[in-house]
Amino acid sequence: MTILSSPSEPIGWQGAAGRTPDRFLVPRVTSVHAEGPGPFGIRRSPSIAGYLPDAHVLEGRAGEQGVRVRLPGPELKGTARGDLVALGLVGDHAICLLRPPAGMAEDAVAAWAKTRPCP
């Protein structure tokens, strides 16, 4: 599997649970929006596998590739269109979203992220 997601299948989210990311993906955010409820509101039911509280979809570009991630809204911490973020990945899942300091060069973000803990 590639670390970039397809338009129909977003990168999944798992809590960090003390894990350290294997690698970081650094996209520039093109869109952040709340996920719809799905048929009959099923995506908002905590009893459904894959449920996320206040689920959002973050879309961005990492180089020439598109990135799409489904994550809990509280993890966004004010992330908006145009922001640069670092997604910590373990296997096929994102486990944290880090926001680098303003003005940091894009090519320095992954190295910076490796020095930060995943909350």
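The values are calculated or read from the model by the stated rules, or taken from the named source; none is laboratory data. In this text, all values refer to a predicted model and were calculated from it rather than measured experimentally. Using ideal geometry, Cβ is built from the backbone for each residue, glycine included, and neighbour counts are taken over all protein chains shown. The protein model used for the area step is the full one, side chains on, heavy atoms only, and it has no ligands, DNA or RNA in it. Shrake-Rupley method; radii C 1.70, N 1.55, O 1.52, S 1.80 Å.
Values as computed for the structure displayed
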| quantity | calculated |
| --- | --- |
| Some residue of the range 92-107 being open to solvent by 50 Å² or more (accessible area, probe 1.4 Å), part of a loop (DSSP other than H, G, I, E, B) and touching a Lys or Arg at 6+ places or on another chain (Cβ under 9 Å) | yes |
| All positions within the range 55-67 that are in contact with a Lys or Arg (Cβ under 7 Å, 6 or more places away or on another chain), within 14 Å of residue 26 (Cβ to Cβ) and surrounded by fewer than 18 Cβ atoms within 10 Å (Cβ to Cβ) | 61 |
| Close pairs (8 angstrom Cβ cut-off, 6 or more residues apart or separate chains): under 14 Å from residue 69 (Cα atoms) and at pLDDT below 95 in the range 91-113, of a type in the set (A, V, I, L, M) and surrounded by fewer than 12 Cβ atoms within 10 Å (Cβ to Cβ) anywhere | 92/1 |
| Some residue of the range 9-26 being modelled with pLDDT of 90 or more, touching a Ser or Thr at 6+ places or on another chain (Cβ under 6 Å), open to solvent by 50 Å² or more (accessible area, probe 1.4 Å) and among the basic types (Lys, Arg) | no |
| Criterion: in a strand (DSSP E or B), open to solvent by 30 Å² or more (accessible area, probe 1.4 Å), under 20 Å from residue 31 (Cα atoms) and touching a residue at least 12 places away in the same chain (Cβ under 8 Å) - qualifying residue of 70, 81 | 70 |
